[in-house]
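Taking it in order: structure first as structure tokens, then the write-up.
The values are calculated or read from the model by the stated rules, or taken from the named source; none is laboratory data. As the structure is a prediction and not an experimental result, all values here were calculated from the model. Cβ atoms come from the backbone with ideal geometry, glycine included; neighbour counts cover every protein chain shown. Remember, those area values only see protein heavy atoms, side chains included, never the ligands or the DNA or RNA. Shrake-Rupley method; radii C 1.70, N 1.55, O 1.52, S 1.80 Å.
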Amino acid sequence: MKFSYKWLQNYIDLNISHQKLADELTFSGIEVEAVNQEQYFQYIENVKVAEIISTQIHPNSNNLFICKVSDGSSIKQVVCGASNCDEGLKTAFIPADSTLGDSIIKNAMIKGIKSEGMLCSEQDLHISDNHDGIISLPLSAKNGTPLQDVYESKNVLYEVEITPNRPDLLGILGIARDIAAILNLSLQYPQIPTYKGIDHDPNLVDNQDYHLCPRYLAKVIKGVNVQESPFWLREKLRSVNIKPVNNIVDITNYIMLEFGHPLHAFDYDLIKDGKIVVRKAKSGETFTALNNKNYDLQDTDLVIADSTKPVAIAGIIGNIGSSITKHTKNIVLEAANFNYVSIRQTTNRLKINTDSAYRFQRNLSSHTVSDISDRATELILDICGGKLVSYCDSYPSPIVQKTVKIRPSRVNKILTTDLSADQIINYLEKLEFQLVNVGLFTSDSDNNNNNSIQEIKSGNLNISDSKVNYIEFSITHFRKDVSREIDIIEEIIRLYGYNRIKTTGSSSRIILTDKNRLTSKRMIADFLSYCGFLEVINSSFADKKQLNFLELADNDYRHSYIELDNPIGSDSSILRSSLLPGILQNLRLNINNKQDNLKLFELGRVYYDQDNMAIEKLHLSGIVAGDHRKYHWKYKTIKADIFTVKGTIEKLLEKVNDKITSKPDDSQPFLQKGQGLSLLYGKKILGFMGKLDPLIAKQFEIEQPIYIFDIDLEEILLISAVKEKHYKDIIRYPDVERDISFIVDRNIDHADIVRKIKETNHQLIQDVLLIDEFIGKNIQVNHRSLTYRLVLSSNKGTLTDDTIQKLVDKVFNQLSVNYEIKKR
Amino acid sequence: MEKHFEELIQQVKIALIDADNDHQLNNIKSSFLGKKSELMNMMKKLGSLSADERPRVGKQLNLTKQKMESLIQQRAHEIEKLKYDRTIQAESIDLTMPGLQPQIGGLHPLTQTQRKIEDIFITLGFDIVEGNEIEDEYHNFDALNTPPNHPARNEMDTFYIKRLQDDSNNRLLLRSQTSTVQVRIMENNQPPIKIISIGRCYRNDKPDRSHSPFFHQVEGLCVNDNTTFADLRDILSYFATMMFGNDIEWRFRPHFFPFTEPSAEFDIRCFSCKGAGCSICKQSGWLEIGGAGMVDPNVFDAVGIDSERFTGYAFGLGIDRITLLKYRLPDIRILFENDVRFLKQLC
């Protein structure tokens, strides 16, 4: 649904910004989809109002005219091809030597006659796509006035989405009514004239289906003059992007846009026998519509017919044979209401979309019919002339207005508001619901105080001071969507404002949870579980003696353990500062029970004293002993070693945050020399992993190789919180692999070599995989042979052999520059 | 002549009977249809025939050629099928032998219970917060409306920390219940508050089959304008249903806690005997799951929340106890031994 701000101002005195109006509409349930400022000023800035003072036919062409035009200051001669360039027409004139958009209008000789400018159509000026002749302006327009002063200087077009329950908003008047209610403005309703003493002609309409056509009001107006609509009417239609046709059709469209209820006009002389028959179509009947398409009708379709043939598919589209043309003298004006289900079925089947069908599908009110008919009649008589001759109103069962009782207590209970009966009445009267009764609480509950309405109206009773049980409203005819108390409550909240209702906090509240922390914690435990680790939970109490087994330095934080005043026993006198002793004890127990392939982890708190403050921190520790992968009849056993642990932990931490790295580090005293790694995030140490020194393992009475890790989980959860993944373009071309081998000094680290290789070309080298290490025959002492697989690809295309070879050469070159290598 | 054609076809048929691989098939193809084959020779000689005979013999030759080709083609299909059958036969294996299973571990039973509880309350819109285990007397007792001489403050009941600094007025201890989190949260936040907190608590009990000096609780707290006793019953009823099943019976039993008023203990119907009485429920027919009640106005006053405007409920449920009941464990100590045979059984 589209409406212009200017048009809206016909009914309400609006003085708020477009943004504010759009917000108010959206928050009252009329969603604003677009607000568009029309742009055409760049084309009309040099255009003036001019009057044609004389017209004669061009001596050298039958299609051209020579017009003398007055632009207020002088008389100019213009050659024009428009058929409507009649004497006395006020039109748009652009003098020679001015710009029109990108081009310049020049003095010209047209077939031998001088032309000093151009008379313009609306299309020429990008005002609309109307190119049927030059613009005709109101006679009141003064010659020489800039055109932009004649056209509405600003047109702002609103596009709103109307929900299916609100057909009353399909007219601009309906929108204005809601806005008036929201902003507490008064609504200027258009005057509806009444026509008395008109001949009622019962033979004019034969309504054969009251169910599909609850009301049909026809009026015959004779002697109309069909021509172009006056400027103001064309402007109104143009402002909502409706193309003007002729004055009769434009008036029916105008009323439809105003009230949201469509009308139709037929050429009376083309209605055979002068009788309108409302009936179901006959099976096999065909119909040529105004859009020049043929439709096959079914006996479920409702048609408007004359005595022989359908002249319209009811409420959807008229036929070509009875439409209003410039030859039309007498018309039948139809205002009617049709069954919306039937209209919808026919529309869907025939796939016709008209403004009329769109509205009739939404269950309009039969009551509106007389108003729109009278209003249209007034405009027709005024603009097109003619005389209202007769009418027929087929309205067998007029709608009865319903009433609804509203209890303020109920309103306030559902909305959590504190509205008085007065406030509620005010809201509802704005929506044109009529107060019919107020029920008060009385000591005698049987006594319905029906007189209170009179007392209120006479000012004897102030209802805001009284205990109101209910208020009763009569529901206006155009709000078929309102029939119950709860519907009224919805209307109240819509006007009161949804966002003024406070949240209760029963489900919304201060958010205290770091959801990411919970998810990451669970992910880590799940990951380790699926990697074969069993979770253990140990006591917080620890044995000082066992902690000492770890040979920690005096200044190690784990040494600053917290002691209890009243421990249960001497072997549980401190709070654990490390999870390792507990988990090592678990290991010993299970080894003693002859269990193997042991992988355990614990996710628990450690406690220590830092500057006389008790610190509690989540740590993650784990232990691996025995096989990494168990014995299987077909596949080889893999023994657990530092690389199996490193692989698991690297993968886990990569999932947390791919910036975490590891590096060889011998700083943990209980790890075997040369078998320890620290885990790093930037320079921050997050933890360590490695092989437990065999002598220390012995202290815990364990003889076999043991691999352990310990990670500060608080740090991990912090950096996992900042990690969010974003899509990166996938390389659409296939990978190419190339293996390279070389011998290099043992002291050069693999990590260092990989970094150097990648530095050669970050774009093309996607991955560098170590596929072999060889030490021994033909390799000199303290050296090793390494084989790397380069995974290469480019996002620009498949790599050529030449490019690959150059890259491999470059890699070797890079390595040779940095190390002494020997190619193999 | 025609008879000769028939004979050739017959020869092909015989040759094909013994062919059972591609190599043999190729040999047959070249000897019967190759450049030097009899058939080809005959084709070459076609030109020398009379114009009368040429079309007839030519047609015969072609038909023979087609027939031979189709016989060879047919055999080729049969050989293909034979090869396929042999492969399938060769790959047949005893599928009852064990597959290569990934070795997976699992979560500790307490963690499983904890997650289940978290998920239930997350569904109900509770936030999860964490609290410290090392607390001070004020937060563990005073703020929770526990009088100065209450026996719980005794060293027989509560673990105290060896002093880190001068704290004689407010000693550090290991919290004896998760309700300390209530105090910490309400000190720093105004309602609406709707949280649970899961964590470890400590009481100076000698370990036995039903006691451990450390144990785990879930603490719940909801404070708002109109929070009622009915809301508390509603939440715990939902919890019981989600945790123990749709047909679980539950009840409130009046009780005393310093920090709630009214206070209740929360029981569920013994799922082992269904109320008839058994060893699990000590013949009572009911199992105690935790404690609950409406937050005592004194607690609100201590943390600076308007006790006239706001009301709230709190509850504390024993995770170890729930775990014990759910898995029918005979002894709480088995949870902390970490025998992998036990852990594997329940994960």
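Computed values, structure above
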item	result
Disulfide-incompatible cysteines by the Cβ rule (no partner under 4.7 Å) in chain B	B:CYS201, B:CYS222, B:CYS347
Principal semi-axes in Å for the stretch B:2-90 [√(5λ), Cα gyration tensor, largest first]	32, 11, 9
Under 12 Å from the Cα of A:LYS594 - aspartates and glutamates, other chains or at least 8 residues apart	B:ASP339
For residues of B:194-206, the mean tally of beta carbons on other chains within 10 Å	2
Solvent-accessible area, 1.4 Å probe, carbon plus sulfur percent, for the stretch A:661-817	48
Karplus (6.51, -1.76, 1.60) ³J(HN,Hα), θ = phi - 60°, over the stretch B:209-214, in Hz, Gly and Pro reported as x	5, 10, 10, 9, x, 10
Shielding by partners, peptide B:156-164 (average Cβ within 10 angstrom, other chains)	5
Per residue Cα convex hull volume in Å³ - calculated over chain A	387
Euclidean distance of C-alpha centroids, the stretch A:110-155 and the stretch A:740-758, integer Å	81
Lysine pairs within the stretch A:92-162, Cα separation less than 28 Å, 8 or more sequence positions apart or different chains	4
Lys pairs, the stretch B:109-346 - Cα-Cα below 30 angstrom, 8 or more residues apart or on other chains	17
Accessible surface ranking that places the most exposed of A:HIS131, A:HIS18, B:HIS216, A:HIS261 first, with a 1.4 angstrom probe	A:HIS131, A:HIS18, B:HIS216, A:HIS261
Efficiency of FRET between A:ASP801 and A:ASP772 - r from beta-carbon atoms, R0 30 angstrom, step 0.05	0.80
Peptides A:166-172, A:586-592, B:24-30 ordered by average Cβ neighbours within 10 Å, highest first	A:166-172, A:586-592, B:24-30
Estimated FRET transfer efficiency when R0 is 51 angstrom, pair A:GLN814-B:ASP208 (beta carbons, to 0.05)	0.15
A:ILE486-A:LYS196 FRET efficiency (beta carbon distance; Förster radius 35 Å; 0.05 resolution)	0.25
Protein accessible surface hidden between B and A, which excludes ligands and nucleic acids, total in Å², probe 1.4 Å	5300
Listed pairs B:LYS45/B:LYS67; A:LYS673/A:LYS810; A:LYS222/A:LYS309; A:LYS636/A:LYS728; A:LYS630/A:LYS698 exceeding 27 Å between Cα atoms	A:LYS673/A:LYS810; A:LYS636/A:LYS728
Straight-distance crosslink candidates among lysines, where the alpha carbon sits under 23 Å from B:LYS83 and sequence neighbours closer than 8 are dropped	B:LYS13, B:LYS29
222 nm mean residue ellipticity, helices alone, for chain B (DSSP H n ≥ 4; -39,500 (n - 2.57); rounded to 500)	-13000 deg cm²/dmol
Principal axis dimensions, the stretch B:109-346 - Cα atoms, whole angstrom, descending	46, 43, 29
Between the stretch A:82-108 and the stretch A:242-288, the Cα center-to-center distance that results, in Å	37
Protein-only accessible surface order, largest first, of A:MET689, B:MET156 at 1.4 Å	B:MET156, A:MET689
Charge sum, other residues only, whose C-beta stays under 15 Å from A:ARG349's C-beta, Lys/Arg counted +1 and Asp/Glu -1	0
Projected area averaged over orientations for the stretch B:21-169, convex hull of C-alpha atoms, nm²	26.3
Accessible surface, the protein assembly as shown, averaged per residue in Å² (probe 1.4 Å)	50
Peptide B:98-111, shielding by other chains (average Cβ, 10 Å cutoff)	6
With every protein chain in place, the stretch B:1-77: carbon and sulfur % of accessible area (1.4 Å)	52
Nonlocal amide H pairs with B:ILE161, under 5 Å, H built at 1.01 Å	A:ASP565, B:LEU172, B:LEU173, B:LEU174
Estimated 222 nm signal from helices in chain A, with DSSP H stretches of n ≥ 4 weighted -39500 (n - 2.57), rounded to 500	-7500 deg cm²/dmol
Cut-off of 10 Å, at most 13 other beta carbons, DSSP loop: longest stretch of chain B lacking such GluC sites (Glu not before Pro)	B:1-154
Heavy atoms of B:HIS211: accessible area, 1.4 Å probe, square angstrom to 10	80
Set of aspartates and glutamates with alpha-carbon distance to A:LYS659 below 12 Å, sequence-local pairs under 8 removed	A:GLU650
Over 29 Å (Cα to Cα) - which of A:LYS599/A:LYS684; A:LYS2/A:LYS196; A:LYS413/A:LYS515 fall in this group	A:LYS2/A:LYS196; A:LYS413/A:LYS515
